[in-house]
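Worksheet for the structure shown next.
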Ligand SMILES: NC(=O)c1ccc[n+]([C@@H]2O[C@H](COP(=O)([O-])OP(=O)(O)OC[C@H]3O[C@@H](n4cnc5c(N)ncnc54)[C@H](O)[C@@H]3O)[C@@H](O)[C@H]2O)c1
């Protein structure tokens, strides 16, 4: 039996695929490469196996996910495939909803059709919205403060309802700011376009791909309060 990693060519998914492989699991990666590349897949193959199965497809495509399940004997799914930029979601809320919620409903439908019930869903700390009590716990109230967050809340609600209906055994991951890269140096976070996360942006400045990193704020302990 094998585990399907959607979004497995992306940052967190690719590192997860390596760890699963090292733990002795058969791994299948499905990704539409909308925010990654074949270079990441090749790097992944170097770290796992040269013939690691890779399917270029939209996770919203129920037939494509279904074929992956049948062809590779999938019995568990880790669903990372999503757009993740908060600012991008403010510019294109409908596109974010269609991609993030659509891919989740697509994966769930394919799993249902083929009798697969075990799923790990990559949610986000963004489901805590603007918390009033810190630190947040798993029991803290859920709300969305931007369209990206709204897609994760919608997916969590859908998955909870599916689990309550008995069709799904699902675990939610709500991480904050994942950082780091594989120590081998050939797998890391390499998004298309302008990064929306701090560390990849900083790294692109460090290697000269971008000129500078803006540090916002006006109440620093400096003569004019700026960060300079
Ligand atoms: N990186 C973070 O700071 C962070 C924090 C919390 C949660 N998350 C969540 O973790 C997951 C992975 O994040 P990441 O940082 O690895 O992002 P990433 O963009 O590097 O990886 C996501 C991958 O999913 C693919 N993808 C997007 N939509 C798809 C679709 N419809 N079908 C198939 N593939 C699709 C992209 O091409 C990309 O390879 C996302 O669900 C994200 O919302 C990320």
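The values are calculated or read from the model by the stated rules, or taken from the named source; none is laboratory data. Fair warning: this is a prediction, and the values are worked out from it, not measured in the lab. FYI the Cβ positions are ideal-geometry reconstructions off the backbone, even for glycines, and counts take in every protein chain you see.
Suppose we filter 65, 77 for residues that are in a helix (DSSP H, G or I) and touching a residue at least 60 places away in the same chain (Cβ under 8 Å); which single one remains?
65
Would you confirm whether or not segment 81-102 contains a residue that is part of a strand (DSSP E or B), surrounded by 23 or more Cβ atoms within 10 Å (Cβ to Cβ) and in the same structural domain as residue 151 (by TED's automatic domain parsing)?
Checked segment 81-102: no residue is part of a strand (DSSP E or B), surrounded by 23 or more Cβ atoms within 10 Å (Cβ to Cβ) and in the same structural domain as residue 151 (by TED's automatic domain parsing).
Under 6 Å between Cβ atoms, at least 6 apart or on separate chains: pull out the pairs that start in segment 23-50 with a residue that is assigned to a loop (DSSP other than H, G, I, E, B) and end on any residue that is at pLDDT below 95.
Close Cβ pairs (under 6 Å, with a partner that is at pLDDT below 95) amount to 35/191; 35/192.
Which one of these does residue 59 not meet: (1) part of a strand (DSSP E or B); (2) in contact with a helix residue (DSSP H, G or I) (Cβ under 8 Å, 6 or more places away or on another chain)?
Of everything listed in (1) part of a strand (DSSP E or B); (2) in contact with a helix residue (DSSP H, G or I) (Cβ under 8 Å, 6 or more places away or on another chain), residue 59 misses just condition (1).
For residue 2, are the conditions met, namely being buried (at least 20 other Cβ atoms within 10 Å of the Cβ) and either at pLDDT below 95 or in contact with a strand residue (DSSP E or B) (Cβ under 9 Å, 6 or more places away or on another chain) (or both)?
no
Hey, any hits in segment 51-59 for a residue that's closer than 26 Å to residue 184 by Cβ, surrounded by fewer than 16 Cβ atoms within 10 Å (Cβ to Cβ) and free of Cβ contacts under 8 Å to residues at least 24 places away in the same chain?
Yes, that holds for at least one residue.
Within segment 130-147, does at least one residue satisfy the condition of being in contact (Cβ under 8 Å) with a residue 24 or more places away in the chain and surrounded by 13 or more Cβ atoms within 10 Å (Cβ to Cβ)?
yes
Which one is nearest to residue 83 (Cα to Cα) among residues in segment 204-222 that are more than 16 Å from the ligand (Cβ to nearest atom) and outside any loop (DSSP other than H, G, I, E, B)?
My answer is 205.
Tally time: how many residues in segment 66-91 are within 12 Å of the ligand (Cβ to nearest atom) and within 17 Å of the chain's Cα centre (by Cα)?
Result for segment 66-91: 11.
Give me a count of the residues in segment 106-127 that are within 11 Å of the ligand (Cβ to nearest atom) and touching a helix residue (DSSP H, G or I) at 6+ places or on another chain (Cβ under 8 Å).
8
For segment 153-203, which positions are in contact (Cβ under 8 Å) with a residue 60 or more places away in the chain and more than 14 Å from the ligand (Cβ to nearest atom)?
168, 184, 186
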